[in-house]
Every structure is written in C-alpha cells, then in structure tokens.
Amino acid sequence: MSEALQKLVLDTLESQSSIKDTRSLVLPGQVQPASSSEDQIVILGALNSLLSREMVQYETHEVLSHVPTAEGALVLKDGSHEARVWSVLLIKGQGTPMTPVQLKKEIGEETAKVGQGRAFKNGWIGKEGDGLVKIASEIQDTTRIDLQEIAATGTLKAGEKTLADLRKRKLIVQKKGQWFTVHKGPQFSTSTAKPETDLTADMLVSGSWKTATYKKYNFEAEGIPTTGGALHPLLKVREEIRNIFLEMGFAEMPTSSFVESGFWCFDALFVPQQHPARDLQDTFYLSDPKVALPPNAEYYKRVSTTHEHGGYGSAGYRAPWSHEESNKLLLRTHTTASSAHMLYKLAAKCRGESAEEDTKEFAHGVSAESSTDKAGKIDDGFRPAKLFSIDRVFRNETMDATHLAEFHQVEGVVADRNLTLADLIGFMRVFFDKMGIEKVRFKPAYNPYTEPSLEIFAFHPKLDRWVEVGNSGMFRPEMLEPMGFPKDVRVHGWGLSLERPTMIRYGINNIRTLVGHKVSIDGIENSPAVMF
C-alpha cells in the first residue's frame, strides 16, 4: 500500500506537474476520492517518506469537518428518535392510542423520552386521552438525511444553525482535518527505489557505490534518548541544602559511623540514662558485638560525675550511673553523636592536649587565634567553628505515611564566644530564607542537651498553615565544659529531617513512595531539579 501510494503520487505529479488537492486522489484499492481524514493521514505518511528523499514538497491546509457520534451512527441505521416514536404509533382514529409506558417498552426509555418532545414539536404526533397517536400520515426524517450528508461530505449545506443543533444533541462532533497541495521536489523521480543509507563492503568491491543514490543525513534530527543514572529527589534536595551550608562558610563533618556507643549518642550530650529515648522500643541495639571500646578515661569520668553528682553549676540527675548502659553499641538515633565527637576534638587545645592540624576540617583553612589577644591575655586554645552534616539516622518507630525506621537528619553546629539566643534565631532566619522559607517562627521547647531550646515552625503556603520544620537550641554547659571548652564558649545546634522538605517540594504525601521498594523508577528519572 505504501509503495503503491508513493508511486501514485509521483505518477500524478509527472502528468499534472502538481497536485492541488490530495482529496481528489483515489487511493489504490478504492473507487471513491480520498475525502476522509483517515485517508489523508495515509497520504501524509507517503508524502513524508517522499519528502525525506527530497522528491516532493507539500503544503498543509487545515479544514474543520463533522462526523457522526456513536449515537449519530444509530440514527443513521434506525432513524431519528422522533421518527422511531412516530413509526410505532397508530393513526388517530384507527386504533387504541399507545400509552407512554407502552411506548417506552416498545422503543426504549431514552428514545421515547427524546423522541416524544421533537415529534410533538414537528407536529407528527398528538395526544388522545391518556395515549399517543399519529397526526401526520407521512414524515420526512430530516435528522437522518442531514446525518447521511455529514457522513458523506463532513459538512452540511443547510448551514451552521443545523450543525449547531446536531452538535447540541450530541449526534455529531467537530473534527479537525487536513489536506495537502503537492509539488515536485529537487530530487523528483518516478522511481520509488529507496536510497542507500549505508556504504557497505560489498558496494565498495562491486563498484555499485559510484552510481547508487544515498539518503541525505538529517543533522537536526533528535537522537535516541540515552539511558543512564538519575539523582534521587532526596539527593537533589540534599545537594541544595549542602550548598547553602557551604555558601555560609560551614565545614562538613565526617558522619560515616552509623554505629555509636551509648556514651557518645546520649551520655556525652547530657541525656540521662533513664531517658525514654534509650529504651528498646525507641533505639536499635546491637547484639554482636554488644560492647563499645572505652572512650578517654578522664573525659568519661567527668561526664559520669556530672550525670551522677552534678558539676559546672549543675546539680546533675542524682541517679546511679550505669557503665553497662554507657558502653552499649547501637545504631545512632541522631547525627548529634558525630557533632559531639567533633566538638570534643575541637576542644583538644583548650584541654591543653596536642591536636593534629585541622583548620581545614573546622574552619575552611582559618588559622587558630594568636597566642595572646590585644590585652595580653594568654590564648586558651579555642577557635570558632561552623560545622554541618547530612546523613542517615535510625529509630525504632512504627512505620506509616510520615515515619520510617531510617531517615536523614540535617544538622548544623556553630561554636563561638558569648553567643546568645538572639544569634541563634537570627541565624535560623537567614538559613531558612536561603531555602525559600521566609515566614519562620519559634516556640520554646525541651531537649535534654540544649537550654534554652526552640522548635522551628514555617508557614506552608500550599497547606495554608504553620508546620514544624526543625528543632534547635544552645548546648548545655554540662555537655560543653566536661569537653574542656572555656566557660564563655557557647554552641548553637539545630536539626531537621531531609525527607520532610523533599516531600513538600515534590508534593509527596507518603514517605514510602519516596524511600523504599515502592519508589517509582520513572518518577525518579523524571523528577525536576529543586532550587531553593
């Protein structure tokens, strides 16, 4: 069919120089001109094949036509609703009138409902008692006649008013079609032999390549889309948040230690050993090995004493200290355990210990303070630091649409002298503003290792309400001073999950469709980049 149609187009162009209207063509195997839109689609395929070889050129002309709907096709077959109502009734005075109930049983409820009104309006039927009878002895089913004309030509000589009425009755629909004017191309030929697309070894040996015609390369054609890896939405949002931290001068903390001891995850942060977060229903404990390597003995002693008896201005928890509880191995419940490691390392010089050169690790290459300040006071070894981390944490929680046993925590830490709560609030406003969250407010809260503590809320314009986005506070002296920090050093700390802003950004309402085996691979590949 395709080659025969191409041959027909070329032969017609050879004899007539051009084809003014492709609707005049008679397709191979047919006797009527190709007036339908389906025929023109077939012709378009042949024209595009010839156009790729520059054998023809064509112009497209758009035309609006009408075609019968499924209901219209029934009218073409059985007659209009009004004609069918008229056909089953008896002429007035020649029998018992048919009741509306009998009429519905005879021709169907829908046909009877639609046809009665139009038959009355046309004067074809009338009422006699409680029944219906014919008034007109003969009728002309104009609806059916009009549909026959539309089916044959796509239009109607009666005009737009009748077409609009038929569209309103849902008997026809408007359809956009096209036809073409065709001219000879620069490589016109009546031969339909396809040009070569490749130069083969056989052609080189036989010499046929010298006389062969070749298909022209289309350098503007799009190639086949390459398949490859795609960043998960969590990684996209993670990179955006990471760039915000780096832009603000933070250094990234190492967080590769998923397994921590109870000491670093809880005790060093001044979380009491009786805290509910340390129960089995909230924390994953390791069964093998069960016990961690001991931390620095002097530091361990200071921490345990502060918990049990107090110190550094605190009364402590006045509860028995358990070495077994402190040495348990567990999956970290927060990345603050890594922050505690880094803060302890930062305070090494304050304790008078020698420390490796780590200015790049803590302060992007900023050197430690000089040995004396302007007043001649000997430096205590402290230097400010801004640290952040984004990594996985684990909690023994019941999984639902918003909670998983494994998720990501975004954490930031700022250490400097004489920091205040106002500094923390100001910093958080700048940080969230860079994320595109302009409306932020804070509420007092309780955390075992920060005082004062603040919950962070942001206004969500899509939800039209305030939602909690993070937690923050100033680390307690009971945590910092046992590490060796001077009394005037303050440390800001805050954290938020990575999954929650990602779900908000991508409109995801079930976290299990973001992380886990239910994640859509197509969704990951097609997810847009997120810019805060």
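Highest mean packing first, where packing is the average number of other Cβ atoms within 10 Å per residue, the peptides 296-307, 516-527 line up as 296-307, 516-527. Each peptide in 209-216, 188-195 receives the mean, over its residues, of other Cβ atoms within 10 Å, and ordering these scores from highest gives 188-195, 209-216. Under the convention that each Lys and Arg Cβ holds +1 and each Asp and Glu Cβ holds -1, the size of the dipole of the chain around its Cα centre is about 1660 debye.
Put the Cα centre of segment 194-238 next to the Cα centre of segment 1-42 and the gap is 32 Å.
Would you indicate which of [x] 1.74; [y] 0.97; [z] 1.05 is the value of Cα Rg over 2.2 N^0.38 Å derived from the coordinates of this structure? Computing Cα Rg over 2.2 N^0.38 Å and matching it to [x] 1.74; [y] 0.97; [z] 1.05 gives [x]. Taking every protein chain into account, the 1.4 Å probe leaves SER35 with about 80 Å² of accessible area, to the nearest ten.
In this structure VAL205 has an accessible area near 130 Å², from a 1.4 Å probe over the protein heavy atoms.
Judged by the mean number of other Cβ atoms found within 10 Å, the most tightly packed of the peptides 63-70, 93-100, 236-243 leads the ranking 236-243, 63-70, 93-100. Rounded to whole numbers, the Karplus 3J(HN,Hα) couplings from phi for segment 453-459 are 10, 9, 8, 10, 10, 10, 7 Hz, using 6.51 cos²θ - 1.76 cosθ + 1.60 with θ = phi - 60°, and x at Gly and Pro. Counting 0.36 nm for each residue step from HIS275 to ASP21 and taking away their Cα separation leaves a gain of 82.8 nm. Rolling a 1.4 Å probe over the protein chains gives ILE390 an accessible area of about 10 Å².
Using a cutoff of 8 angstrom between alpha carbon atoms and counting only pairs six or more residues apart, the relative contact order for segment 250-340 works out to 48 percent. In the chain, helical runs assigned H by DSSP with n ≥ 4 each contribute -39500 (n - 2.57); averaged across all residues and rounded to the nearest 500, the mean residue ellipticity at 222 nm is -10000 deg cm²/dmol.
The values are calculated or read from the model by the stated rules, or taken from the named source; none is laboratory data. The shown structure was predicted, so the numbers you read here are calculated from the model rather than taken from an experiment. Glycine also receives a Cβ, built like all others from the backbone with ideal geometry; neighbour counts cover every protein chain displayed. Note: accessible area is taken over every heavy atom of the protein model, side chains too, but ligands, DNA and RNA are not part of it. Shrake-Rupley method; radii C 1.70, N 1.55, O 1.52, S 1.80 Å.
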